[in-house]
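Have a look at the structure below before the remarks.
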Amino acid sequence: MHLFSAMFLLVMLAVSPCEALYPSPEEGWQIYSSAQDADGKCICTVVAPAQNMCNRDPRSRQLRQLMEKVQNISQSMEVLDLRTYRDLQYVRNTESLMKEVDGKLKVASESPRSLNPKGFQELKDKVTQLLPLLPVLEQYKTDAKMILRLREEVRNLSLVLMAIQEEMGAYDYEELRQRVLLLETRLHSCMQKLGCGKLTGVSNPITVRASGSRFGSWMTDTMIPSSDNRVWSMDGYFKGRRVLEYRTMNDFMKGQNFVQHLLPHPWAGTGHVVYNGSLYYNKYQSNIIIKYHFRSRSVLVQRSLSGAGYNNTFPYSWGGSSDIDLMADENGLWAVYTTIPNAGNIVISRLEPQSLEVQQTWDTGFPKRSAGESFMICGTLYVTNSHLAGAKIYFAYYTNTSSYEYTDIPFHNQYSHISMMDYNPRERVLYTWNNGHQVLYNVTLFQGWRIKKPGCVYKVSSLQK
């Protein structure tokens, strides 16, 4: 099974130099390097996807099909049981009537002259009362055929189960599945403990879906356990109130299994973020930030972001009321915006998630109208120089040192109009809304402080694909 190959990879992939594997969206187990050991060897880590490979094992598919057949047989047996019980009660209730008719027929047969017109009519009436038994008997014939068919299906199921049991040998399939789930949990936990790094590269885009209008945002929760795979989608940037919540990424890709949240206040822009079960967004025509809790479907808190421009006063280069951009990374919840005293330059504020109070603020000195989009990774704000084709990550501001540098990190803007770009620290990928397409990018982070030999990086692949 893939379980054992993954476990061997986890132990054995300690080679140098490290080479990350970028899987296609259809692949499962993924590998990236995280650090070096005392001997200078890169320690590579196996990351399990949200949907493990065992789900695609042919035996798993066979077992699911068998379970469905067993369920169908059980339902059929229940129907037969109820119908048989009902018909048996009817037969019992008519038993005395049948005995009476049988007695009269015997008398009439032994002494035909004793059957006068009145007696004949009574016998005829009794026989009429027995006529409803005919369809009951016909149903018995049909049920008997069904029982034969069910018996054949059970026999076939037994043969298939025996074949699967022989193929699997001594391994208990359910036990293996539980071990895979445990391994996934440990791998996700290990991933969360990895140190932060500096962004050095962005992968080719992975288009997840094409839906909605030219502008919008989509996201997964940045804080809750990775077992929760819900996806949220918010189409448009102007006075929207409808948030679609999909059960899984696969449901989002297919546009199925979703519920709708109708926000009490409309939003502005596309700079929304889901953080620890709540949606944080900018209220339309204001600089108020709203925290909306999905489970209770209520607003928990709202607070004005003092001095922040709104209503296209200081948007990104693409406009769209993108004055206030909310985001999350490994260090918490952030707001990126601009004020008049800051002369239109980007301001970063770290927010307290419960109260939305500003904890600390930085002036980056970079003009917001010259930025296409921005996102936070490990306390560093990365800014693109355009929302159109040819865009690149052009500027980085480090909040830990209050310093900045100009960068040159290219990425492929496949659909030529990005209106939302956010980093998800739980999955370590970039979510983008690109001209009506929902797109993911993997990122490459460099951990210079942990490297003993140059050139070792770790590359994180999407856990949702």
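The values are calculated or read from the model by the stated rules, or taken from the named source; none is laboratory data. Please read these numbers as outputs of a predicted model, since none were measured by experiment. Cβ placement follows ideal geometry from the backbone for every residue including glycine, while neighbour counts extend to all protein chains displayed. Accessible surface areas use protein heavy atoms only, side chains included; no ligands, DNA or RNA. Shrake-Rupley method; radii C 1.70, N 1.55, O 1.52, S 1.80 Å.
Here the 3J(HN,Hα) profile of region 324-330, calculated from phi with Karplus coefficients 6.51, -1.76 and 1.60 at θ = phi - 60°, is 10, 10, 9, 7, 9, 9, 4 Hz, Gly and Pro shown as x.
Once the Cα-Cα distance is subtracted from the 0.36 nm per residue extended length, the Q256 to N72 segment shows a gain of 63.7 nm. Sorting the segments 387-394, 368-375 by their residues' average number of neighbouring beta-carbon atoms within 10 angstrom, most packed first, yields 368-375, 387-394. Each listed q (0.14 Å⁻¹) maps to a log10 I(q)/I(0) for region 297-410, found by the Debye formula over equal Cα scatterers with no solvent: -0.54.
Under 9 Å from the Cβ of I290, count the other residues' Cβ atoms, weight Lys and Arg +1, Asp and Glu -1, and hand me the total.
Values: positive: K283, K291, R303; negative: none.
Its environment carries a net charge of +3.
For R209, the amide hydrogen comes within under 5 Å of the amide hydrogens of Q438, counting only partners 5 or more places away or on other chains and with H modelled in the peptide plane.
Hey, can you find the accessible area per residue of region 358-446 for me, probe 1.4 Å, expressed in square angstrom?
Working: 2830 Å² over 89 residues.
Dividing the accessible area of region 358-446 by its residue count gives 32 Å².
Taking K and R as +1 and D and E as -1, what net charge do the other residues with C-beta under 14 Å from the C-beta of L356 add up to?
Numbers: positive: K283, K291, R303, R350; negative: E352, E357.
Net of charged neighbours comes to +2.
Couplings 3J(HN,Hα) for region 381-393, derived from phi with the Karplus relation 6.51 cos²θ - 1.76 cosθ + 1.60 (θ = phi - 60°), are 8, 10, 10, 8, 8, 6, 9, 9, 4, x, 5, 8, 7 Hz, where x marks Gly and Pro. Among 351-359, 329-337, sorting by the average number of other beta carbon atoms lying within 10 angstrom of each residue, highest first, gives 329-337, 351-359. Sorting E152, E405 by accessible area puts them as E152, E405; the probe is 1.4 Å, largest comes first, and only protein heavy atoms count. A quarter of the convex hull surface defined by the alpha-carbon atoms of region 238-379 gives 8.5 nm² as the mean projection. Solvent-accessible area assigned to carbon and sulfur over region 256-408 amounts to 45 percent, based on a 1.4 Å probe.
Based on alpha-carbon atoms only, what is the radius of gyration of region 200-277 relative to the globular estimate 2.2 N^0.38 Å?
For region 200-277, the normalised Cα radius of gyration comes out at 1.14.
Distances between placed amide hydrogens fall under 5 Å for Y284 paired with W267, A268, all partners being 5 or more residues away or on another chain. What region 235-325 shows is 42 Å² of accessible area per residue, with the surface traced by a 1.4 Å probe over protein heavy atoms. The protection proxy used here, the mean number of other Cβ atoms lying within 10 Å of each residue, ranks peptides 265-277, 247-259, 98-110 as follows, highest first: 265-277, 247-259, 98-110.
Backbone amide hydrogens, once placed in the peptide plane, bring D221 within less than 5 Å of nothing, excluding anything fewer than 5 places away on its chain.
For the cross-link pairs K283/K392; K239/K392; K198/K291; K104/K126, the ones whose C-alpha atoms lie over 18 Å apart are K283/K392; K239/K392; K198/K291.
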